[in-house]
Amino acid sequence: PLGRKIRNYVIPDSVVEIGDDAFRLCESLRHISFPIGLRRIGEDAFGNCISLQELQLPDGIDAIQKNTFRYCEALKSIKLPKHLKIIGEGAFFCCDSLQSLSLPPSVKMIDMYSLPMELKELHLAYKDPQKAAPGFYSQSFDQSDFILYVPKGLKDKYEKDDFWGRFEKIEEEP
């Protein structure tokens, strides 16, 4: 459907992989439903889907490829898979409406320029700050309004960490 003028799309249950560039430039696409059995979404698969507003990625996905959702400017909400391991380079680059993100503790690598510069909240579920969100240091965004949410009882541990301790606003999850 590259470049097609579709607003809503349901990917059939039989699909296990979405190829590179598959929905790129589908500028009218607002909502997409993914099948539970989906295992892979290719590079730039949803690049420049400027009207896409929310995503709920199935738990079978363990990596978000390079530039998969870049320039999805209207994207406000995303539920990441609970077994996600890698967020590839530029995955959410220029997704400027995405201001809050919850990272599952399974994430082992966040590549360069993966997160939007307008991000205002990051929710971490990591018990050990030294293992939390590897690669996050390579992200670029304004920290003045940024709030880092950490698991209950771990605020002190994060504040004392060499990297996370640099954040001005660290709050515990309610």
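Coordinate-derived values only; no laboratory data. No experiment lies behind these values; they were computed from the predicted model shown. Backbone-built Cβ (ideal geometry, glycine too); neighbour counts: all protein chains shown.
Quick notes
- For the range 154-174, the tally of residues that are among the aromatic types (Phe, Trp, Tyr) and either more than 18 Å from SER144 (Cα to Cα) or assigned to a loop (DSSP other than H, G, I, E, B) (or both) stands at 2.
- Among residues of the range 147-174 that are without any contact (Cβ under 8 Å) to a residue 12 or more places away in the chain, those with a Cβ under 9 angstrom from a residue that is among the acidic types (Asp, Glu) and surrounded by fewer than 16 Cβ atoms within 10 Å (Cβ to Cβ), sequence gap 6+ or separate chain, pair up as GLY165/GLU159.
- For the condition assigned to a loop (DSSP other than H, G, I, E, B) and within 22 Å of ASP162 (Cβ to Cβ), MET117 does not qualify.
So that you can scan it fast, the table gives a plain yes or no per residue for (1) surrounded by 16 or more Cβ atoms within 10 Å (Cβ to Cβ); (2) within 12 Å of the chain's Cα centre (by Cα); (3) in a loop (DSSP other than H, G, I, E, B):
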{"position": "PRO81", "(1), (2), (3)": "yes, yes, yes"}
{"position": "ALA91", "(1), (2), (3)": "yes, yes, yes"}
{"position": "PRO105", "(1), (2), (3)": "yes, no, yes"}
{"position": "LEU148", "(1), (2), (3)": "yes, no, no"}
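- From the list SER77, SER33, the one residue that fits, being small (Gly, Ala, Ser) and closer than 24 Å to TYR126 by Cα, is SER77.
- Residues of the range 53-76 classified as touching a residue at least 24 places away in the same chain (Cβ under 8 Å) and more than 18 Å from TYR113 (Cβ to Cβ), total: 9
- Some residue of the range 47-58 being of a type in the set (D, E, K, R) and assigned to a loop (DSSP other than H, G, I, E, B): no
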